[in-house]
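The values are calculated or read from the model by the stated rules, or taken from the named source; none is laboratory data. Remember, predicted model here, so these are calculated numbers, not experimental data. Cβ placement follows ideal geometry from the backbone for every residue including glycine, while neighbour counts extend to all protein chains displayed. Calculation scope for accessible area: heavy atoms of the full protein, side chains included, ligands and nucleic acids excluded. Shrake-Rupley method; radii C 1.70, N 1.55, O 1.52, S 1.80 Å.
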Amino acid sequence: QVQLVESGGGLVQPGGSLRLSCAASGSIFRVHTMGWYRQSPGKERELVSTITSGGWISYADSVQGRFTISRDSAKNTVYLQMNSLKPEDTAVYYCSHRQLGSNYWGQGTQVTVSS
């Protein structure tokens, strides 16, 4: 089992920045993928960004160039730096951890972009 604890959401004005953090604990396998997904009311959960234990990174087209994913392997923590935020980025952001065919989710953190 893997437990994920997220932090860093909140309310920010358009054009502002936020940084999300996700700390993983438990039985973490050396080979894994961590990432961020988001879900807005009435919409399906969508991929935002992922990073593998080997360092491969991917981004959704909608956040490319504005969001940056990174990790601290020693702390089993992944970060999502979100810049130039737009109202359409408003959503609940979920951390994910995938290993050995299993997917684990955090509890979600609300990000609201509004003036």
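Within the stretch 1-13, the set of residues being loosely packed, with under 14 Cβ neighbours inside 10 Å and assigned to a loop (DSSP other than H, G, I, E, B) comprises 1, 13.
Within the stretch 44-73, residues that are of a type in the set (S, T, N, Q) sit with their Cβ atoms under 6 Å from residues that are open to solvent by 50 Å² or more (accessible area, probe 1.4 Å) and assigned to a loop (DSSP other than H, G, I, E, B), at 6+ positions apart or across chains, in these pairs: 53/31.
Looking only at the stretch 88-95, decide whether some residue is part of a strand (DSSP E or B) and among the acidic types (Asp, Glu). No, the conditions are met nowhere in the stretch 88-95. Checked against (1) under 17 Å from residue 71 (Cα atoms); (2) surrounded by 13 or more Cβ atoms within 10 Å (Cβ to Cβ); (3) not basic (Lys, Arg), residue 29 passes all but a single condition, namely (2). Scanning the stretch 78-99 for any residue that is over 28 Å from residue 114 (Cβ atoms), touching a Phe, Trp or Tyr at 6+ places or on another chain (Cβ under 7 Å) and open to solvent by less than 60 Å² (accessible area, probe 1.4 Å) turns up at least one such residue.
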